[in-house]
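K.L.:
Sharing a structure with you now.
Each reported figure results from applying straightforward, stated rules to the coordinates on display, with no laboratory input. As the structure is a prediction and not an experimental result, all values here were calculated from the model. As a convention, Cβ positions derive from the backbone with ideal geometry for all residues, glycine included, and neighbour counts pool all protein chains shown.
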């Protein structure tokens, strides 16, 4: 703390003309580490369960730092300003008393001794020895190394020793061992309010009270944060969580849906949690009963299917044999299970046996399947045949350079390949859950080749879906939308001939999705129906013909084993087709009770589907993460989800435009991109007060993009007040403590404060 700063640094009646903290001082080093830590949490992040397919969401700790940095004043005592900011962010030293929960008393003692804050001969003053009533010094020394010390001193002494112990860790080490700020309860901030209020002249006892008071002092009302490129909703969610009113818009209705889910589902607290979980159970039980009644997921012994494995088949032009296209013959490394191809000369095709507990040599040999390096490769007797997949597909080029192939374009009524199609499809393996372990937390499974009765069940599923496809499509329960060619969306058309979005789903997947949609439609509460829409997108994302089968791996070298599983579709930002894919049984996609981490949102939120240049709402602070340069084509890939919801959206989304509106999307680079951005940011400038602030986040390592952004802000009537570089990847410099890095060297997120 600055020795010259009085305890009460500032008691302003108004902050109207005061500069914001983020314009003068901001701990980019610590924010970098916290941002990277949140990124590394992956599925444990608060908003990820809403839609892991949206890869570009900003981290909540980064957003909170921007919101508070914009509201807090920069005074004549910058060190004190920074100290208060770090307390509010829970990134100061004392915050780790709440954030660190795993270090044992013995760990603290050893570290405190290393820090010089404790002598080993004084252990008896602060600790006891577990299961020893009158320990000697030797007992204490043994317990110190053996991890058997317990606290026996007042809380004040415990905190002093813990702080001393934490001083032995770098900031990166502390963060990697501790809870993230987003995981802390409100009570973790109880001890800071006297200090905060003394500095700011406020009377807050919570974050939301402080934000409202700062907003009144700066803008005359509770602050409102706007985001016109809201994406997955991180910015409006965190702004609302700290107490701001928010305005969010995006051209993409899926982005708006994710933002709605962040504010109303995740932010709905215990009330929404109770209502949603009751609805999920009701829907899940109803769908399960229908599947059980159809007898399509159980075998004669009562085992239930967990996953179905399918593969593409193609006829070799040389031998006219029908050959399964399998890049690998390994089904499970954990269970040492492989597929074995057995020639059937009379039918000119291969039977597929499923063999478990094979030798290490056999498992290694099974790594190579019938698809290698873009070619079909297989052996008959001593002859090996090789044909490129492009030849089988019949790729050719026209005189004008356009490429085509001979694949039949599927029709709207198709759900499986036709007999004469170039690429067929077959079920070749089923993963079963044993009857004895159904419904238990730990289930036993085994793999088996399908039997004749399984193919009868397959035929029943196909018949059932064929009969209901038209009505389900008319009701909006399954897609009927065409796939429009594009940078991402041409791939399934070209590689499989699929012309409509429902072609990306096998009949079993359509059946589960149709049943789920029918049961959700019976829920009377419109908001809860909106929340249940996320279960529909979960099914769409996790069980598709684009869902890769990933064999599990045994644990080794200290790494935990990974389970055999069906991968979700958007593990990267593409529509990848596979020669073999996994279909989840209902147990693997059933609406999951307790899937979300609920928070309480206090702010008022408005969400609209409109382009940034059509903004009509005012905001005091705009925080945006705009499209730039080589941005992901979300406007294309989210058509994958738009197709599922557009015809029958729940009431909360009913007035939105359920179309990707590709021509309106700001994308790419060049003059058109810059002009569109100038228009968007100029519109935001027109809808903020004279003392308003904009914070712009963008991630790129090309310095020319930074120059473009600076010109865009200048053309929008804005002035750049400060620039902060927040590293989103751990580097050697981060580990040394030099967290401010140049975005031209590595991918980094750059915050610009503009007025």
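K.L.:
Could I get the Rg over Rh figure for the stretch 255-382? Both from C-alpha atoms, Rh via Kirkwood, rounded to two places.
P.N.:
Numbers: Rg = 22.8 Å, Rh = 19.2 Å.
A ratio of 1.19.
K.L.:
Run a plain Debye calculation on the stretch 108-150 (Cα atoms as equal point scatterers, no solvent) and give log10 I(q)/I(0) at q = 0.17, 0.33 Å⁻¹, rounded to two decimals, same order as the q list.
P.N.:
One equal scatterer on each Cα of the stretch 108-150 leads to -0.38, -1.33.
K.L.:
Additional query: Restricting to the chain, compute how many DSSP beta bridges are antiparallel as a %, nearest 5. Kindly include the intermediate steps, with their values, before the conclusion.
P.N.:
On the way: 67 of 82 bridges.
Counting only bridges with both partners in the chain, antiparallel ones make up about 80 percent.
K.L.:
Here is a follow-up. Report the paramagnetic label zone for residue 675: residues of the stretch 607-638 whose backbone N is under 20 Å from a point 7 Å from Cα along the Cα-to-Cβ axis.
P.N.:
611-615, 627-630
K.L.:
Further question: Can you classify the stretch 311-414 as rounded, prolate or oblate using the Cα gyration tensor, where a ≥ b ≥ c are the square roots of its eigenvalues, rounded means a/c under 1.5, and otherwise it's prolate if a/b beats b/c and oblate if not? Before the final figure, lay out each step's value.
P.N.:
Details: a/c = 2.04, a/b = 1.92, b/c = 1.06.
Prolate is the answer for the stretch 311-414, as a/c is 1.5 or above and a/b outweighs b/c.
K.L.:
How do the peptides 163-174, 355-366 rank, highest first, by the average count of neighbouring beta carbon atoms within 10 Å per residue? Don't jump to the answer; show the numbers that get you there.
P.N.:
Working: 163-174: 18.2, 355-366: 13.2.
Top to bottom by mean Cβ count within 10 Å: 163-174, 355-366.
K.L.:
Let me ask something else. Just check the stretch 282-588 against the gyration tensor rule for me: Cα atoms, a ≥ b ≥ c as the square roots of the eigenvalues, rounded for a/c under 1.5, and otherwise prolate or oblate depending on whether a/b exceeds b/c.
P.N.:
Values: a/c = 1.68, a/b = 1.15, b/c = 1.47.
In terms of gyration-tensor shape, oblate.
K.L.:
Work out the FRET efficiency for residue 448 and residue 288 from their Cβ-Cβ distance, taking R0 = 22 Å, and round it to the nearest 0.05.
P.N.:
Details: r = 23 Å, r/R0 = 1.03.
FRET efficiency, residue 448 to residue 288: 0.45.
K.L.:
What do you get for Rg/Rh over the stretch 147-244 if you use C-alpha atoms and the Kirkwood form of Rh?
P.N.:
Values: Rg = 18.3 Å, Rh = 16.8 Å.
Using only Cα positions, Rg/Rh for the stretch 147-244 is 1.09.
K.L.:
Quick one: which of 231-238, 678-685, 52-59, 633-640 comes out on top by average Cβ neighbours within 10 Å, and what's the full order, highest first?
P.N.:
On the way: 231-238: 29.1, 678-685: 20.1, 52-59: 21.6, 633-640: 23.9.
Output ranking for 231-238, 678-685, 52-59, 633-640: 231-238, 633-640, 52-59, 678-685.
K.L.:
Could you work out how far the C-alpha centroid of the stretch 486-511 sits from that of the stretch 26-90, in angstrom?
P.N.:
39
K.L.:
Please compute the contact order of the stretch 282-588 in relative form: average sequence separation of alpha-carbon pairs under 8 Å and at least six residues apart, divided by the residue count, as a percent. Could the numbers behind the result be given before it?
P.N.:
Numbers: 530 pairs, mean separation 67.2, N = 307.
Averaging sequence separation for qualifying contacts and normalising by length gives 22 percent for the stretch 282-588.
K.L.:
Kindly state, as a whole number, the per residue volume in cubic angstrom of the convex hull around the alpha carbon atoms of the stretch 102-177. Write down the numbers at each step before the final one.
P.N.:
Working: hull volume 6.4 nm³, N = 76.
Hull volume over Cα atoms, normalised by residue count, gives 85 Å³.
K.L.:
Tell me, what are the semi-axes, in whole angstrom and largest first, of the equivalent ellipsoid of the stretch 248-324 as set by the roots of 5 times the Cα gyration tensor eigenvalues? Don't skip to the end; give the middle numbers.
P.N.:
On the way: eigenvalues 340, 138, 14 Å².
In descending order, the three semi-axes are 41, 26, 8 Å.
K.L.:
Using alpha carbons only, how many angstrom separate the centre of the stretch 248-276 from the centre of the stretch 392-465?
P.N.:
Answer, in whole Å: 35.
K.L.:
Still on this structure: So what's the chain giving for Rg/Rh, alpha carbon basis, Kirkwood Rh from the mean inverse pair distance?
P.N.:
Details: Rg = 29.7 Å, Rh = 29.2 Å.
So for the chain, dividing Rg by the Kirkwood Rh gives 1.01.
K.L.:
Another question, then. Based on alpha-carbon centroids, what's the gap between the stretch 577-629 and the stretch 228-246 in Å, whole number please?
P.N.:
So the two Cα centres are separated by 11 Å.
K.L.:
Here's another thing I want to ask about it. Viscosity 0.890 mPa s, temperature 25 °C: give me the Stokes-Einstein translational D for the stretch 473-513 in µm²/s, with Rh taken as the Kirkwood radius over C-alpha pairs.
P.N.:
Numbers: Rh = 10.9 Å.
So the translational diffusion coefficient is about 226 µm²/s.
K.L.:
Plugging the Kirkwood radius over Cα pairs into Stokes-Einstein for the stretch 462-567, at a temperature of 20 °C and a viscosity of 1.002 mPa s, what D comes out in µm²/s?
P.N.:
Numbers: Rh = 15.9 Å.
It comes out at roughly 134 µm²/s.
K.L.:
Another question about this same structure. Mind pulling the per residue volume of the convex hull built on the Cα atoms of the stretch 27-130? Å³ is fine. List each step's numbers first, then the result.
P.N.:
Values: hull volume 15.6 nm³, N = 104.
That works out to 150 Å³ per residue.
K.L.:
How high is the relative contact order of the chain, in percent, with contacts defined as C-alpha pairs under 8 Å that are six or more residues apart?
P.N.:
On the way: 1412 pairs, mean separation 123.6, N = 755.
That works out to 16 percent.
K.L.:
If you scale each eigenvalue of the Cα gyration tensor by 5 and take the root, what three semi-axes come out for the stretch 403-520, rounded to whole angstrom and sorted largest first?
P.N.:
Values: eigenvalues 171, 73, 43 Å².
Ellipsoid semi-axes (Å, largest first): 29, 19, 15.
K.L.:
Can you put 482, 440 in order of Cβ neighbours within 10 angstrom, beginning with the fewest? Before the final figure, lay out each step's value.
P.N.:
Working: 482 13, 440 10.
In order of increasing Cβ crowding within 10 Å: 440, 482.
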